[in-house]
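Just so it is clear, none of the values below were taken in a lab; they were calculated from the coordinates. The shown structure was predicted, so the numbers you read here are calculated from the model rather than taken from an experiment. FYI the Cβ positions are ideal-geometry reconstructions off the backbone, even for glycines, and counts take in every protein chain you see.
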Amino acid sequence: MNSQINSDSIVFADAERSVKTARVLIAGGYGLVGSSIARHIRHLFKDVEIILAGRNPETANPLVQELGNAKTAYLDIQQATDLSNLGPLDLIVASLHDHQDLLLQWALDQGIAHIGITKMVEDIAPVTFLTLKTPPKRPVVLLGHWQAGPFSPIAQKAAEQFSHIESVEATALFDTLDPIGPMVANELESFIGRALLRENGIWKWVDAKQNARQFRLEDGSDVEALPMATLDVPSLAAITGAQHVRFDLAMGDSIGTRAGRKASHDLYLEIKGQLHSGAQAKQRIVVSHPEGVAHFTALGVLIAIEYVLGLGGNEPASGALHLPETLIPADKAIDRYRQFGVTITQSLIQD
């Protein structure tokens, strides 16, 4: 395998570990998103052991001291070596690109749970085939949705008001004042290329720049929104049954910036359809995380971790391939988002 992990300081517990002593390895664990995931875990669960893995583990020492009950491990998924010396873990969180799916293969071989947050629509066929060939003994979670999945539970709850949904449009607003890690910064341009849409029930791959739309923000200003091939598109289609589905990325001043605070990360969900009363309606939901992109993504990962490992009184999830909407109850996810300061506002306009 083209991967390397070494850590002489790691002491492994017995295979039959209790939830209180669960051990989680975060690949890319001291990057902007990875460190936010670690801090979120520690905020709720003091007894989970966290292993921060990357090519420069010494840079994680201050974070290790901050977290407590944490260690570092050297990880370079470009180097060829045997990973058997890592020993047993409960969960691998891949917060970096693992283009060869080496961490996933290792997790499947060792019976370890796995959460990956970087896969787009065109990336999931290899993952699906791999998990069909080697059925997971513990959960494998596709969490490459925007910000690790908040659109899914919010759409699930919103859909309960409708007897029929015609269209779903999801939009993420990125504020350039919101700090992002080097991995995301290097890939911003590549986000906008081929996009997946659903139009009249037909799946279409289109050129994003030729399918832009104008999107109106809460302050009445318009921004250009370009479609992407995030996992939200097929997820939202499956959740709602809508014949028209798209996900767009726009750039502009966030709710936080416009209010004179730090940049927030804002999500917009617009659903059109027929209510149970028979009236036609359009629902607009605005979701805003005051701490921005990295914290929002890390929060989505935290919620998945709770259900993968059975933390906080939850039952551990089954060994299977999961999406956020198949793993996490919508009400519980929304409650957790609000607990961490995410605001969710809704408006419903009936014809």
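Of note:
- Expressed as a fraction of 2.2 N^0.38 Å, the C-alpha radius of gyration for region 139-178 is 1.50.
- With the largest listed first and rounded to whole Å, the semi-axes of the equivalent ellipsoid of region 24-169 from the Cα gyration tensor are 29, 21, 14.
- Tensor-based shape of the chain (alpha-carbon gyration tensor, a/c under 1.5 rounded, otherwise prolate or oblate): prolate
- Antiparallel bridges, percent of DSSP beta bridges restricted to the chain (to nearest 5): 60
- With helices as the sole contributors, the chain gives -8500 deg cm²/dmol at 222 nm; each DSSP H run of n ≥ 4 counts as -39500 (n - 2.57), and the sum is divided by every residue.
- Dipole in debye (nearest 20) - the chain, about Cα centre, beta carbon charges: Lys, Arg +1; Asp, Glu -1: 400
- Our estimate of slack between T343 and N69, defined as 0.36 nm per intervening residue step minus the Cα-Cα distance, is 95.5 nm.
- Here the residues S264, S288, ranked from fewest to most Cβ neighbours within 10 Å of their Cβ, fall in the order S288, S264.
- Across region 259-351, the fraction of Cα-Cα pairs farther apart than 19 Å, rounded to a whole number, is 54%.
- With at most 12 neighbouring Cβ atoms within 10 Å, loop trypsin sites (Lys or Arg not before Pro) (DSSP) excluded, longest segment of the chain: 47-260
- Each of K282 and D219 was given a label point 7 Å from its Cα along the Cα-to-Cβ line. The distance between the two points is 2.2 nm.
- Restricting attention to the chain, the count of lysine pairs at 8 or more positions apart or across chains with alpha carbons under 28 Å apart stands at 28.
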